[in-house]
1. For residues that are in contact (Cβ under 8 Å) with a residue 12 or more places away in the chain, farther than 25 Å from GLY116 by Cα, loosely packed, with under 15 Cβ neighbours inside 10 Å and under 21 Å from the mean Cα position of the chain (by Cα), tally how many sit in segment 149-178.
2. For LEU76, state whether it is at pLDDT 95 or above and touching a Gly at 6+ places or on another chain (Cβ under 9 Å).
3. Restricting attention to segment 147-170, report how many residues are touching a strand residue (DSSP E or B) at 6+ places or on another chain (Cβ under 8 Å), part of a helix (DSSP H, G or I) and of a type outside the set (A, V, I, L, M, F, W, C).
4. Hey, can you tell me all the residues within segment 5-42 that are in contact with a Gly (Cβ under 6 Å, 6 or more places away or on another chain) and assigned to a strand (DSSP E or B)?
5. Quick one: what pairs do we get from segment 204-216, first residue buried (at least 17 other Cβ atoms within 10 Å of the Cβ), second of a type in the set (S, T, N, Q), C-beta under 8 Å, 6+ apart or different chains?
6. Return yes or no: is LEU25 farther than 14 Å from GLU132 by Cβ and of a type outside the set (Lys, Arg)?
7. Modelled with pLDDT of 95 or more, surrounded by fewer than 24 Cβ atoms within 10 Å (Cβ to Cβ) and not aromatic (Phe, Trp, Tyr): is that true of VAL223 in this structure?
Amino acid sequence: MSPLITPSELADLAGATVLDVRWKLGGPPGADSYREGHVPGAVFCDLNADLAAPAGPLGRHPLPSADLFQDAMRRLGVSGSRPVVVYDGADSTAAARAWWTLRYFGHPDVRVLDGGFRAWAAEGLPVSTGEEAAAPGDFVARPGGMPVLDAAQALELAADGVLLDARAAERYRGEVEPIDPVAGHVPGAVSAPTGDNVDPAGRFHLPDFLRERFNTLGAVPGVRVGAYCGSGVTAAHEVLALELAGIPAALYVGSWSNWVADPSRPVATG
């Protein structure tokens, strides 16, 4: 089953829990966009509060504990026996974090609305406003459903496999760093901005296109692959794109914000 779903497929899907995960670093607040218009029946999932623990040495968006994540998903109506569909504004960068986190904690059926709310509205499908509440779910969080990397493993993978840096190329090169205190990248990592995973409408490119893209970057059969970004959000988008291409990949959840928390770790630029 593809991890993506189209607007028309979602409109015909009965019994799914739908999570609106609109979020942008620095705003505007996703909850405001949700209240202005959302897929009918969707409930708002707060990326910062529901899909991450508080920022700290482990990164700006470290994994939440199993107990806290389970509580959040139950509050949002998630059950292991029902499919979950997640979406954001358009390009799935935030929705992919929800997809990955639910998969990591063991949900068997999570799909991303390709093209997000923009695609849903563009097809003239119904839109609801205000807020909606879900009946409590019974999801049980079981960590370990997706492979992860810590800092040491990320550095090792950059040397022995392929570690993809999902941030914008200028951040990878160390020319600018608008968020974290140090600019640059993990030595040996390869630049692979997530923006190249989608078309101008925010929909994922076809699997063959993505496979060729990642093969060109060294992610070929038999080579271990991982991804990181600034804080583990857009890198989840990279892992999703890699899955569409048929390439399994691990996520360095702490990503660059965790890497630079230890000043002894090496930093490359250029």
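1. Number of matching residues: 1.
2. Working: at pLDDT 95 or above: yes; touching a Gly at 6+ places or on another chain (Cβ under 9 Å): yes.
Spelling it out, LEU76 is indeed at pLDDT 95 or above and touching a Gly at 6+ places or on another chain (Cβ under 9 Å).
3. Qualifying residue count, segment 147-170: 1.
4. THR17, VAL18
5. PHE204/SER92; PHE204/ASN197; HIS205/ASN197; LEU210/ASN197; ARG213/ASN197
6. Numbers: farther than 14 Å from GLU132 by Cβ: yes; of a type outside the set (Lys, Arg): yes.
Judged against the criteria, LEU25 is a match.
7. Working: modelled with pLDDT of 95 or more: yes; surrounded by fewer than 24 Cβ atoms within 10 Å (Cβ to Cβ): yes; not aromatic (Phe, Trp, Tyr): yes.
Judged against the criteria, VAL223 is a match.
Residue-wise test of (1) in contact (Cβ under 8 Å) with a residue 60 or more places away in the chain; (2) within 18 Å of the chain's Cα centre (by Cα).
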site	(1), (2)
TRP100	yes, yes
GLY106	no, yes
VAL110	yes, yes
GLU123	yes, no
GLY130	yes, no
ALA134	yes, no
GLY145	no, yes
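The values are calculated or read from the model by the stated rules, or taken from the named source; none is laboratory data. Being a predicted model, the structure only gives us computed values, none of them experimental. Positions of Cβ are generated from backbone atoms using ideal geometry, with glycine treated the same way; all protein chains shown enter the neighbour counts.
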